[in-house]
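Novice: Structure incoming, see below.
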Amino acid sequence: MKLAIAGGLAAYLLVIGLAAAPAMSQTGGDPDAGADVFDANCGDCHSLSPRGLNKKGPTLFRVTGRRAGTSPGFAFSAPMRASGIVWTPERISAYLANPRAVVPGGIMKFRGLPRPQDRANVIAYLQHPD
Ligand code: HEC
């Protein structure tokens, strides 16, 4: 009988743990929080407008899934064009953590976003700007 109670408790705790996990996950980004990260860190140089506006940096409209350095009408650096990167959320996160390490010789003059949650949030916003 004692064993059954202990087993039931363990199963209960497991269910609670699984239910709480997504809320605490570092990978799930919040697009609303990401809009603030974007405005504070990216908006001077990048636009997300569907009109494909380039500023100091290339448009980031539909950047996810795109091949690096291929957006028309922007003068990318040679290292970016030669990088062979396809911008998955994981690659964008690595680039934002340390732009110079991922594209050495690239021209994005940005110190990087050290906090994983900021990166997850801004990437969620890039994918869902509305
Ligand atoms: C000071 C201006 C500046 C800031 C700030 C900046 N970027 Fe950039 N970004 C650039 C430039 C310039 C490039 C092109 C780099 C190259 O060609 O080497 C670029 C390239 C990129 C690319 C690759 C685009 C492509 O089509 O290959 C992504 C993704 C990106 N930036 C995301 C961001 C995000 C997200 C932020 C904010 C967290 C940010 N950048 C902040 C200027 C900036």
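The values are calculated or read from the model by the stated rules, or taken from the named source; none is laboratory data. Since the structure is predicted, the reported quantities are computational estimates derived from the model, not experimental observations. Note that we place each Cβ from the backbone using ideal geometry, even for glycine, and neighbour counts take in every protein chain shown.
Novice: How many residues, within the stretch 100-111, are near the ligand (Cβ under 8 Å from one of its atoms), under 19 Å from Asn41 (Cβ atoms) and surrounded by fewer than 19 Cβ atoms within 10 Å (Cβ to Cβ)?
Specialist: Going residue by residue through the stretch 100-111, those that are near the ligand (Cβ under 8 Å from one of its atoms) are 103, 105-110.
Adding the requirement that they be under 19 Å from Asn41 (Cβ atoms) leaves 103, 106-110.
Checking which are surrounded by fewer than 19 Cβ atoms within 10 Å (Cβ to Cβ) leaves us with 107, 109-110.
Adding up the residues that qualify gives 3.
Novice: Which of (1) buried (at least 18 other Cβ atoms within 10 Å of the Cβ); (2) at pLDDT below 95 does Ile123 not meet, given it meets every other one?
Specialist: (2)
Novice: Scan the stretch 66-82 and tell me whether some residue there is assigned to a loop (DSSP other than H, G, I, E, B), near the ligand (Cβ under 9 Å from one of its atoms) and more than 14 Å from Met108 (Cβ to Cβ). Explain how you work it out, then say what you get.
Specialist: Kept after step one, since they are assigned to a loop (DSSP other than H, G, I, E, B), are these residues of the stretch 66-82: 66, 68-77, 82.
Still in the running and near the ligand (Cβ under 9 Å from one of its atoms): 66, 68-71, 74-77.
Then drop every residue that is not more than 14 Å from Met108 (Cβ to Cβ), which leaves 66, 70.
Yes: the stretch 66-82 contains one or more residues that are assigned to a loop (DSSP other than H, G, I, E, B), near the ligand (Cβ under 9 Å from one of its atoms) and more than 14 Å from Met108 (Cβ to Cβ).
Novice: Inside the stretch 20-51, can you point out the residues that are surrounded by 15 or more Cβ atoms within 10 Å (Cβ to Cβ) and either of a type in the set (Ser, Thr, Tyr) or at pLDDT below 95 (or both)?
Specialist: Correct list: Ser47 only.
Novice: Of all the residues that make up the stretch 47-64, how many are on the phi < 0 side of the Ramachandran plot and either within 15 Å of the chain's Cα centre (by Cα) or near the ligand (Cβ under 10 Å from one of its atoms) (or both)? Quick ask: steps written out before the conclusion?
Specialist: So in the stretch 47-64, the residues on the phi < 0 side of the Ramachandran plot come out as 47-51, 53-61, 63-64.
Subset that is either within 15 Å of the chain's Cα centre (by Cα) or near the ligand (Cβ under 10 Å from one of its atoms) (or both): 48, 54-61, 63-64.
Count: 11.
Novice: What do you reckon, is Ala94 part of a helix (DSSP H, G or I), in contact (Cβ under 8 Å) with a residue 40 or more places away in the chain and out of contact with any His (no Cβ under 7 Å at 6 or more places or on another chain)? Break it down into steps so the answer makes sense when it comes.
Specialist: Numbers: part of a helix (DSSP H, G or I): yes; in contact (Cβ under 8 Å) with a residue 40 or more places away in the chain: no; out of contact with any His (no Cβ under 7 Å at 6 or more places or on another chain): yes.
For Ala94, the condition - part of a helix (DSSP H, G or I), in contact (Cβ under 8 Å) with a residue 40 or more places away in the chain and out of contact with any His (no Cβ under 7 Å at 6 or more places or on another chain) - is not met.
Novice: In the stretch 84-97, how many are of a type outside the set (A, V, I, L, M, F, W, C) and exposed (fewer than 14 other Cβ atoms within 10 Å of the Cβ)?
Specialist: From the stretch 84-97, those of a type outside the set (A, V, I, L, M, F, W, C) are 84, 88-91, 93, 95; that's our starting set.
Narrowing further to those that are exposed (fewer than 14 other Cβ atoms within 10 Å of the Cβ): 84, 88, 90.
Looking only at that region, the number is 3.
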